[in-house]
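Below is one structure, written out as structure tokens, with a few remarks after it.
Nothing in this text is a laboratory measurement; each read-out follows from the coordinates by a stated rule. Fair warning: this is a prediction, and the values are worked out from it, not measured in the lab.
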């Protein structure tokens, strides 16, 4: 099996047809048809089902596609790694970040990364582990930074702790409940869920249950930070969000914190990459920046807490 066979299978699957794949690759259609046939003979099973509308992957084809895409991605990384080691510094780094590292770490990491690797394209996407882990496993993504989901980490991946986190309750400016001082006083409120899984009760439910309170009324499930911000700013919905939202000027302009006495822990932040295969120099440098700045952030929070504790002690 040749690399062209793998590339043609991947592009045909992406485009949904041999004709479209031929146009995308700039290759004659008969050559693509012949290549797919050779790949199927080498595998010993059909990879595509043909129809008048185009082609769709068979069950064997779907599994083969995952491996083929991973092989091509690793070949591309090998070429980029060589370029970066030789000082040319070209290539691409693809990362998924949750909202917290976007707010707390990306502003610090971006400048040194762009300075060291100005010719490397950085592809960033906001997302959560539940939807990103497969792409990290198959090599489509270089790494992920954010909270983990409740499911166990696949053995092919490794996670490195970056920092522990806490949450705050946010509402729109002038909200009628803005002066509440406990979760109990917010019992009649309606809430937004931004959970790291598809279970809408998994984020808020345990917090209220731990304080002997009934489950909150969740009326909106936000899949993005923009959705969450707009929904809170233009309604009476409340949200329990990571404390980093208070550091963001745009958020502070429209939202305010409800100061409750209960401590609201947030999921810890991790950096996740593949266990066996190394990152390219550019990806490794960015990964290290996120981990370093995350631990500096954790240290600054700890120092701040110690100063607050010392200042609160009565003088003898």
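How far, in degrees from 0 to 90, does helix 281-312 lean away from the longest principal axis of the Cα atoms of the chain, to the nearest 10?
So the inclination is approximately 10 degrees.
Mind checking the angle between helix 29-43 and the chain's longest principal axis? C-alpha axes, 0 to 90 degrees, to the nearest 10.
80 degrees
So what's the back-of-envelope 222 nm ellipticity for the chain, counting only DSSP H runs of four-plus at -39500 (n - 2.57) apiece and dividing by all residues, rounded to 500?
Computed ellipticity for the chain at 222 nm equals -14500 deg cm²/dmol.
Just 41, 167, 274 to compare: in a GNM of the chain, with alpha carbon springs under 10 Å, which one fluctuates most?
Looking only at 41, 167, 274, the largest GNM fluctuation is found for 41.
Starting from 0.36 nm per residue, how many nanometres of slack lie between residue 185 and residue 79 once their C-alpha separation is accounted for?
So the extension gain works out to 32.3 nm.
Which value in Å is the Kirkwood Rh of the stretch 19-101 over different Cα pairs?
With all distinct Cα pairs of the stretch 19-101 included, I get 15.8 Å.
Name the residue, out of 99, 251, 140, whose mean-square fluctuation peaks in a Gaussian network model built on the chain with Cα pairs under 10 Å.
It is 251.
Any idea what Rg and Dmax come out to for the stretch 102-170 if you just take the C-alpha atoms, in Å?
When restricted to Cα atoms, the stretch 102-170 yields Rg and Dmax of 14.1, 41 Å.
Hey, of (i) 27, 22, 20; (ii) 45, 25, 17; (iii) 33, 23, 19, which did the structure itself give for semi-axes √(5λ) of the Cα gyration tensor in Å when calculated?
Read-out from the structure maps to (ii).
Pick from 256, 38, 160 the residue whose mean-square fluctuation is largest in a GNM of the chain, springs joining Cα atoms under 10 Å.
Ranking 256, 38, 160 by mean-square fluctuation puts 38 first.
Return the ratio Rg/(2.2 N^0.38 Å) for the stretch 1-149, where Rg is computed over Cα atoms only.
1.25
Can you tell me the 0 to 90 degree angle between the C-alpha axis of helix 201-210 and the longest principal axis of the chain, rounded to 10?
30 degrees
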